[in-house]
Each structure stands twice: as structure tokens, then as C-alpha cells.
Amino acid sequence: MSALQLAILVLLTAMTVISALMVVSVRNLIHAGFWLLPFFLGIGGFYLILSLEFLFALQLLLYAGAVMVVVLFALMLTRDVMNPRVRQTNRLAIAAIAASASMMGFLLIVIYRQMGALTVVPGQVDAEAITRELGRMLLTDYVLPFELTSALLLSAMLGAIFLARNPKVELEEMEG
Amino acid sequence: MMLENLPLPFFVLLSTVLFAIGLYGLISRRNAIAVLMSIEIVMNAANLNFVAFWRYLHPESLEGVVFVLVTITVAAAEVAVGMAVVLSIYRLLHTVNVDEVAQMRG
């Protein structure tokens, strides 16, 4: 691995891990929402390393675009998200550190035990054919999950509209 | 491509660390929107794992990538519905802190 590749890898890893840490730890939630952006970009960078340009584009559009905007909008519509005097952790904070550390410990033990099975060389893929093959698979072998996903998106959209509307305001608009 | 010298355990360890970070935020945050942001971190860690295992172990068929596509779609739907729920809770109770919304606690 050349020095440039190593530098890119270290930067990408540091960006992803540090921004994930900032998302869960900063007190100002607007800042936490903006820290999602380098996190999603870092994950997208790893998709690029794994030669998945299509997933990188999806990651940019859906996560760094849509999800982050929705999160920031919801943050701006509620209150106490930028007040530095308001506590942003509940009384389970210490227990949360213990729980996630022990979860990580268990996973590390499993990974360490399976290290022999994990040391494999990556197979060759035709990077240009991946997107074409993905489209073919989604409309042949995986057409049922694909259609179910579209039904899920439609019902989620209707549900979100139904939940977020304000019945009182609509009533007043009808009357006056 | 730089993947030849990059072992699979690197990706597995990275997604383990990200999963633990997301789990911490999921438990410790008070604001419901911050909890949803932590869920996004956990989902992205899982996606990275799917893709890495696909790329190293079964690059001939694209099942792992199809899984990730479905996960991304479900995550988008989850965010939309989750934010709608959070906003209607805020309208009712004027708070989105999950420890203050305890009306259904027995």
C-alpha cells in the first residue's frame, strides 16, 4: 500500500469515527445533526474503496441529502436543541457506556476467534458491471422485495403525512 | 486499487466500533431526534458490514448489495415516519425528551 493510499485510509477512518463520536456526544443538537454529514461521507468513501460507485451516489443522495435535511428540519421545529444548559443525556449515560463497551467486547471476542475465516483476499469484481448486474437482479431474482419496498415507501409517506398534520389548524382553515 | 492490502477484519472492526458508538447514543440521548440519529449510525455500520462481507467472501453474486439497498430504503422510510411521530408528540406534550414522555409507563 502506497503512502498516499495509507493517508487516505487513515483520514477516512478518522473522519468517520470522530464524526460518529461527535454525533452522539455534542450538546448542541444542531451541531450533532451537521456532524452526520462527514459520517455519511466517510461511509460513502468506504463504499468507493469497495468499488461500489452506485452505493456511494445513493449514500450521498439519500443519507447526506434527504435524511440529514429531515433531521435538521425536525430539530429546528422543536425546542431546547441549542440550549447549552439543557442536559442532553439521561440518567442511563454511565450504563450506556458500559452496555456499548461490553457489546463491543463481545463482538471483538467473536471476531478474534473467527480471525482465521476472516483472512481472505478480496475476489475480483468488474466494477463497471456491478450497477448493471444490480439492476438486473432487482428486476428478476429480487423483484418481490423490490416491489414490497416500494409499497413500504408509499405507506411510510402516507403515514408520515397523516401523523404530521395538525387537525386543529385544518379545522380553523375550513371554518374561516 | 488499494483493497489488495486491506484485510477484511479492518472493515469488521470499523463497523464494530461504529455500532458501539451508535448504541451508546441510542441509550444515553434524551432527545428523540438524537436517538434517531444514533439509529442511523447503527444502520450505516450494518450496511458497511454487509458490503464488506459481500466484497471479500461472495463477490460473484450481488446479494449483499441488494440487502444494503433495501436497508437504505427502510432507513429512509423509518426517518420519515419517526420524524412525523416526534413532531406530533411535540405538538401534544411540548417536549421530545424520551424520559419525559412516560404517559404509558405502568
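The values are calculated or read from the model by the stated rules, or taken from the named source; none is laboratory data. Since this is a predicted model, take the numbers as computed values, not measurements. Neighbour counts are summed over all protein chains in view; Cβ atoms, including those assigned to glycine, are modelled from backbone coordinates with ideal geometry.
Overview of values
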read-out	value
Among residues of the stretch A:146-164, those that are farther than 13 Å from residue B:73 by Cα and loosely packed, with under 13 Cβ neighbours inside 10 Å, counted	3
Restricting the stretch B:73-86 to residues that are crowded, with 21+ Cβ neighbours inside 10 Å and not small (Gly, Ala, Ser), the residue that is nearest to the chain's Cα centre (by Cα)	B:79
Test: residue A:105 is closer than 30 Å to residue A:29 by Cα and at pLDDT 80 or above	yes
Selection status of residue B:74, under 30 Å from residue A:131 (Cα atoms), touching a helix residue (DSSP H, G or I) at 6+ places or on another chain (Cβ under 6 Å) and not polar (S, T, N, Q)	no
Exclusive hit being part of a helix (DSSP H, G or I), modelled with pLDDT of 80 or more, under 30 Å from residue B:50 (Cα atoms) and in the same structural domain as residue A:57 (by TED's automatic domain parsing), set A:151, A:98	A:98
Scope the stretch B:1-23; condition over 12 Å from the mean Cα position of the chain (by Cα), part of a helix (DSSP H, G or I), over 18 Å from residue A:42 (Cβ atoms) and without any contact (Cβ under 8 Å) to a residue 40 or more places away in the chain; matching residues	B:4, B:5, B:9
Cβ pairs under 8 Å, 6+ apart, first in the stretch B:83-106 and closer than 25 Å to residue A:158 by Cβ, second assigned to a loop (DSSP other than H, G, I, E, B) and modelled with pLDDT of 90 or more	none
Of all residues making up the stretch A:1-40, the number that are more than 10 Å from every other protein chain (Cβ to nearest Cβ) and part of a loop (DSSP other than H, G, I, E, B)	2
Conditions (1) within 7 Å of chain A (Cβ to nearest Cβ); (2) closer than 19 Å to residue A:145 by Cβ: number failed by residue B:14	(2)
Among (1) under 24 Å from the mean Cα position of the chain (by Cα); (2) surrounded by 11 or more Cβ atoms within 10 Å (Cβ to Cβ); (3) assigned to a helix (DSSP H, G or I), the one test that residue A:81 misses	(3)
Members of the stretch B:51-69 that are surrounded by 18 or more Cβ atoms within 10 Å (Cβ to Cβ), in a helix (DSSP H, G or I) and within 7 Å of another protein chain (Cβ to nearest Cβ)	B:51, B:52, B:55, B:56, B:65, B:66, B:68
Count - residues of the stretch A:66-96 that are without any contact (Cβ under 8 Å) to a residue 12 or more places away in the chain, more than 7 Å from chain B (Cβ to nearest Cβ) and in contact with a Leu (Cβ under 8 Å, 6 or more places away or on another chain)	0
Search result, residues across the stretch A:127-176 that are of a type in the set (D, E, K, R) and within 30 Å of residue A:77 (Cβ to Cβ)	A:165, A:168, A:170, A:172, A:173, A:175
When residues of the stretch B:87-97 are limited to those that are within 20 Å of residue B:25 (Cβ to Cβ) and more than 7 Å from every other protein chain (Cβ to nearest Cβ), the one surrounded by the fewest Cβ atoms within 10 Å (Cβ to Cβ)	B:95
Residue within the stretch A:117-130 that is assigned by TED's automatic domain parsing to the domain that holds residue A:36, touching a helix residue (DSSP H, G or I) at 6+ places or on another chain (Cβ under 8 Å), surrounded by 15 or more Cβ atoms within 10 Å (Cβ to Cβ) and assigned to a helix (DSSP H, G or I) present	no
